[in-house]
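The values are calculated or read from the model by the stated rules, or taken from the named source; none is laboratory data. All figures in this text were calculated on a predicted structure; none of them were measured in a lab. Glycine gets a Cβ as well: all are built from the backbone with ideal geometry, and neighbour counts include every protein chain shown.
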Amino acid sequence: MVRPRGTRHAIGFIGGFGVPRPLDGTARHPIGAAVAIDAGLLGLFAVQHSVMARRWFKEWWTRLVPWPVERSTYVLFSSLALIALFAGWRPLGGSVWSVDDPTARLVLRALFAFGWGLVLVCTFLIGWFFAFWMTPTMTLSHLLFAIATTAYILVAIQFEERDLVHEHGRAYDDYRGRVPMLWPFGRRSDGEVTAQARTGSA
């Protein structure tokens, strides 16, 4: 979870404005070391975000801390992981694509804003995909970040759905049969529901 102030910094970090250390920039370290550091920071955030959200961890954690502060400690460690990511990120330099046409750049910036708007207004995961991928200039740093965070979201969905099926049973199965998993409009396809049902029953 990203709190409002953290969200503002994340927008500037990914969008490349208003923060002292943005996602993109000139490479200042050897490429291998930079990739290793960035991957480690992304992995730290992913592990913290997923493991602390699991029921088995909460049951273990609340043996050490009072139950009422469990959520607060989750937010605290999430914030620390984000701070570490923002502070320790190493730009890789380079360019994967760059859109020069002013209209096309404006469209991509608008889609970037649309993605963050979805993130702020609702919990549809498609908003994160727009926020990560919609950029007129895709650098190596941005590509690494987008691939890693997209992979994390797709993997995390499977764990989250399995937990929800375990906790709510048939009620959640019926719900996810009606509501799309990623795209906030329309209905899940039969194939998607079947695949998710297999995952939930694993």
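Among the helices (runs of 4 or more DSSP H) confined to the stretch 99-184, the ones with at least 2 residues that are closer than 15 Å to Asp24 by Cβ and modelled with pLDDT of 80 or more are located at 102-121, 126-133, 140-168. Cβ-Cβ distances below 6 Å connect no pair with a first residue in the stretch 62-91 that is closer than 22 Å to Asp24 by Cα and part of a loop (DSSP other than H, G, I, E, B), a second residue that is modelled with pLDDT of 90 or more and among the aromatic types (Phe, Trp, Tyr), and a separation of six or more residues or different chains. Cβ-Cβ contacts under 8 Å between residues 6 or more apart (or on different chains), taken from a first residue in the stretch 140-162 that is in contact (Cβ under 8 Å) with a residue 40 or more places away in the chain to a second residue that is of a type in the set (D, E, K, R) and in a helix (DSSP H, G or I), are listed as Ser141/Asp38; Leu144/Asp38; Phe145/Asp38.
Among the residues of the stretch 29-51, is there at least one that is modelled with pLDDT under 90, among the hydrophobic types (A, V, I, L, M, F, W, C), crowded, with 17+ Cβ neighbours inside 10 Å and in a helix (DSSP H, G or I)? Let's see the steps before the verdict.
We begin by selecting, within the stretch 29-51, every residue modelled with pLDDT under 90; these are 49-50.
Now drop any that are not among the hydrophobic types (A, V, I, L, M, F, W, C), which leaves none.
No, there is no match, as no residue in the stretch 29-51 is modelled with pLDDT under 90, among the hydrophobic types (A, V, I, L, M, F, W, C), crowded, with 17+ Cβ neighbours inside 10 Å and in a helix (DSSP H, G or I).
Looking across the stretch 13-28 at every residue that is touching a Leu at 6+ places or on another chain (Cβ under 9 Å) and among the aliphatic types (A, V, I, L, M), the one that is modelled with the highest pLDDT is identified as Ala27.
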